[in-house]
């Protein structure tokens, strides 16, 4: 078995996280009332979007300036299932960054018990409208990292 060369530890947030509360919707579950695994990446995106909004730089404003944060890698480790109508917390932290790359770490935790449900990360590169890798302007960087 080949050893992973991934330098990003996917299992814990090391920086002060931003938190956002969600609840599992009926449409996100299977017949047994268990949330489908694809939803975890959508919840990561919700957390990341709200993280940026909380930092006074909504994605829409970044895109209006001609920049896009493109996901180039994503990972999720599932620990426990989420069930229909279960309240949970999305924790998001910006773990690493440069003007051309951002690494966000995530944890999903049960709201009542705070038990870890899932953890993961996404890596993003910054591109312009021509899909060319380009650095973000300093004012946007300051808001995302601030």
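Derivation of every value follows stated rules applied to the coordinates shown; laboratory data play no part. Here the structure is a predicted model, which means the values were calculated and not measured. All Cβ positions, even for glycine, are placed from backbone atoms using ideal geometry, and neighbour counts span all protein chains on display.
Given their separation in residues at 0.36 nm each and the Cα-Cα distance between them, residue 85 and residue 55 gain 7.9 nm when the chain is fully extended. Using the alpha-carbon centroid of each, what span in Å lies between the range 68-93 and the range 32-47? With the range 68-93 and the range 32-47 each reduced to a Cα centre, they are spaced 6 Å. Maximal additional length on extending the residue 15-residue 128 stretch stands at 37.8 nm, based on 0.36 nm per residue less the C-alpha distance. Name the residue, out of 78, 26, 121, whose mean-square fluctuation peaks in a Gaussian network model built on the chain with Cα pairs under 10 Å. Top of the fluctuation ranking is 26.
Extending 7 Å from the Cα toward the beta-carbon at both residue 145 and residue 98 defines two label points whose distance is 1.2 nm. Considering only 52, 76, 114, the Gaussian network model of the chain with Cα springs below 10 Å gives its largest mean-square fluctuation to 114.
For residue 36 and residue 138, the FRET efficiency from 1/(1 + (r/R0)^6), where r spans their Cβ atoms and R0 equals 25 Å, is about 0.05.
Helix-only arithmetic for the chain: the sum of -39500 (n - 2.57) across DSSP H runs with n ≥ 4, divided by the residue total, places the mean residue ellipticity at 222 nm at -6500 deg cm²/dmol.
In percent, rounded to a whole number, the relative contact order of the range 18-145 is 29, using alpha-carbon pairs under 8 Å and six or more apart. Computing Rg and the Kirkwood Rh from the Cα coordinates of the range 18-145 gives a ratio, Rg/Rh, of 1.02.
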